[in-house]
Amino acid sequence: MTALTIATPSSNNLAPSRLRELLEPSSIVIVGANTTNTWSSFTHSNLGAAGFEGTVYLVNRRGEECHGQASYTSIADLPETPDLAVVLTGTNSLPEIQQQCIAKGIRNLIVLASGLGEAGAEGQALQQLLVDRARSADQLILGPNNLGFINAHAKVAAFGHMTQLPLVTGSVGIASQSGALAIYLLPYMASRGVGVSYAVTVGNEAMVSAIDVMNLLIDDPNTKVIAAYLEQITNTQQFLDVARRAREAGKPIVIFKAGASEASAMAAAAHTGSLAGDDNVIDAICKQFGVIRVSNIEELVATAGILESYGALPGPRFGVVTGSGAMCALIADKAQDAGLELPAPLESTVQRLREEGLPEFAAVNNPMDTTGYISVDPSILTKAGDAFIDDESFDFVVLNTSWPTNQFMVDLGKPTEPGLHRQLKEAGKPVVAMSFLPTEVNEFARNFAAEHGLPHASDSFERGIEAAGHSVWWGQRCAQLEDELELKTPAIIQKPDAAEHFSEIETGDFLRSHGVPYVPGKVTSTVAHAVQTAETIGYPVVLKIASEDIAHKTEVGGVRLALKDATEVAQAYEFIMDSVARLAPEACIQGVAVSPMRPAGNELLVGIITDPQWGKVLAVGFGGVMVEILKDSALRLLPVSPVEIRRMLESLKGIELLTGFRGSQATDLDDLAQRIFEITEVALGLGDQLEELEINPLRVAGNQIEALDALVRWKEQS
């Protein structure tokens, strides 16, 4: 079980079985068919090119012949009730067209028209009218402002634009919030030998969202990989549920999420807000829930291709056999970036290759350059591949090859073809084909691969190694999540009276009462009071301004450190009050807090912020006041387990500071993770009362863990 408890999808989420009815029609009517309308021409020709075996009707208000086929003047005149209506008419006619469809009993519509939900208040009102009517009539609308869909296995291409048909049928299902992107994505996938099961564009998502499509693809037997182009995620809870379901079904999700939107940008009082921007949160959530996020379409296709053939590659260690030394440096650089490892081959592998005829001038490294000697003895390629496949140092092997694009290339590869095909199909570990530079997989190459039952070949090392890294990561992340236990619901904590006006000391007392280790202190109102308190606490001490209006005390001169005697305390008190009066004259001042000065240690930030879309997000990072400059932080959506918090810590660039760097005392990371977990439990226990909680710094010196400063923002009550 994952450590995050995900709610069951709400009743507003679309049932996959209902969506499947729309995507698997046996009869279709094109409403607004017209020979001069390009949308009509494309829709009609695409259905034919895909091999649609059902009945296609045309409705043209003048009853004209269209696309070489007779038409009907109205929907009411159709001889039967079609399973699907593709509506190509303009925006103003949609209510009347919908009413006619309802009267005819047509339950599924694709609406291509734009100018609705995306076009201001009037368009939004019209779209809502269509949705309300559809729900009352048990009707489902795909779109509006979309291009339709392609169901490759069922040979349905209800798609209103130019595309390359018939598609390469395969097992990658596509959900796209952009119709235009699908126009270019589909032929690009074919050119890389990646086959499609579904391609569904959703437009305005009035009734069918991209997440609904992804949910359907989890249950689709023809889909192995779910690929999505997303511009926004409106139903975050459903997204998390789909991510969990896909993981449990063994189906990877690969998304290209465009744009770094400002949905989560807020006037956060603490440093956490600058770390938890919308795009950072989405990136972290994808990693947390085992969703592969890529940065461009080429990476999306390359990753889907690897996953379609291999699923999760078994580990990060891989061996590479190439025919050129020029490739080796590139491969090494890409491997490191992709989180993969290139271990040296075993000595037994080196000896085996020497015995099988590899000349002394050809070094046996990883990546291995078989050198130009393959022109003398082409069998060296096969022998090197076999040796690397048998080497226990490697979890998988990459061979520098691609599918022949013409008969000449087939004839050229005849000497090594049997061995290569055996390695790709029968080896005891995954063997992946990759070309050096981007290579198109044309129709000849696709047919050759299909005839011989060959797996996907990546079009280049540049993209293939990155894709292999995603595959390995996905397998590892799924295994981690499988091992985690479900967390208990934290105890409810009531917000204290007058908490909005707490000083930092009162905030510390509150946190300490709920198990958070927090340095003691006292708010003083005069110089004499401050000196007396310092004498009681014992030197050295720290003085800090106490004000609920001042989040960043150092920026207004509100902190003085390592004060050793009464004189320094008195001077510091006066300095702080003068500086704050000058730099923050509007702030309400409660006094000056006096606390013991702690010895130096590592400073961590532990912050929880309430993201308006996702809920409470945890940020952990290094830096203290430098956190925004260093940006060495990790994010997770709450709740999150101590095990996952430890992974957050281990992902930080500065982790060696906690593990005994240059002889310093190491910190028990499990204990530190548990302490941070207890802080998150307080935040979750406060629930909707809490807007933001930040401890900065959390001092970590060996196994001494103590909060030195904190800020709490409460949610404004309406």
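The values are calculated or read from the model by the stated rules, or taken from the named source; none is laboratory data. None of the values given here were measured: they were computed from a predicted structure. All Cβ positions, glycine included, derive from the backbone under ideal geometry; neighbour counts span all protein chains shown.
Tell me yes or no: at least one residue of region 318-326 is farther than 23 Å from LEU412 by Cβ, outside the structural domain of GLY173 (by TED's automatic domain parsing) and either crowded, with 19+ Cβ neighbours inside 10 Å or among the aromatic types (Phe, Trp, Tyr) (or both). Yes, some residue in region 318-326 is farther than 23 Å from LEU412 by Cβ, outside the structural domain of GLY173 (by TED's automatic domain parsing) and either crowded, with 19+ Cβ neighbours inside 10 Å or among the aromatic types (Phe, Trp, Tyr) (or both). Against the test of being without any contact (Cβ under 8 Å) to a residue 24 or more places away in the chain, in a loop (DSSP other than H, G, I, E, B) and out of contact with any Ser or Thr (no Cβ under 8 Å at 6 or more places or on another chain), the options LYS414, LYS429 yield a single qualifying residue, LYS414. Quick one: would you say GLU692 is outside any helix (DSSP H, G or I), under 29 Å from the mean Cα position of the chain (by Cα) and not assigned by TED's automatic domain parsing to the domain that holds ILE545? Answer is yes for this residue. Quick check: is even one residue across region 337-350 farther than 30 Å from LEU181 by Cα, at pLDDT 95 or above, acidic (Asp, Glu) and not in a helix (DSSP H, G or I)? Taking every residue of region 337-350 in turn, at least one turns out to be farther than 30 Å from LEU181 by Cα, at pLDDT 95 or above, acidic (Asp, Glu) and not in a helix (DSSP H, G or I).
Conditions tested, residue by residue: (1) touching a residue at least 60 places away in the same chain (Cβ under 8 Å); (2) assigned by TED's automatic domain parsing to the domain that holds VAL168; (3) touching a strand residue (DSSP E or B) at 6+ places or on another chain (Cβ under 8 Å).
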| residue | (1), (2), (3) |
| --- | --- |
| ILE30 | no, yes, yes |
| THR36 | no, yes, no |
| PHE42 | yes, yes, yes |
| ALA49 | yes, yes, yes |
| ARG61 | no, yes, no |
| CYS66 | no, yes, yes |
| PRO82 | no, yes, yes |
| ALA85 | no, yes, yes |
| ALA103 | no, yes, no |
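Taking the numbered list (1) at pLDDT 95 or above; (2) assigned to a helix (DSSP H, G or I); (3) of a type in the set (Val, Ile, Thr) in turn, VAL398 passes all entries but (2).
Can you name the residue in region 373-395 that is free of Cβ contacts under 8 Å to residues at least 40 places away in the same chain and not in a loop (DSSP other than H, G, I, E, B) and, of all such residues, is farthest from GLN351 (Cα to Cα)? So the residue we want is SER375. Candidates GLU53, GLU24, GLU80, GLU65: the one that is touching a Lys or Arg at 6+ places or on another chain (Cβ under 8 Å) and not small (Gly, Ala, Ser) is GLU53. Residues in region 635-654 that are surrounded by 14 or more Cβ atoms within 10 Å (Cβ to Cβ) and more than 21 Å from LEU708 (Cβ to Cβ): LEU635, ARG636, LEU637, LEU638, PRO639, VAL640, SER641, PRO642, VAL643, GLU644, ARG646, ARG647. Within region 555-568, does at least one residue satisfy the condition of being without any contact (Cβ under 8 Å) to a residue 24 or more places away in the chain, farther than 22 Å from ARG699 by Cα and either in the same structural domain as ASP709 (by TED's automatic domain parsing) or of a type in the set (Ser, Thr, Tyr) (or both)? Yes, region 555-568 contains at least one residue that is without any contact (Cβ under 8 Å) to a residue 24 or more places away in the chain, farther than 22 Å from ARG699 by Cα and either in the same structural domain as ASP709 (by TED's automatic domain parsing) or of a type in the set (Ser, Thr, Tyr) (or both).
Filtered by the rule that a residue be surrounded by fewer than 24 Cβ atoms within 10 Å (Cβ to Cβ), without any contact (Cβ under 8 Å) to a residue 60 or more places away in the chain and assigned to a loop (DSSP other than H, G, I, E, B), region 146-176 gives a lone residue, GLN164.
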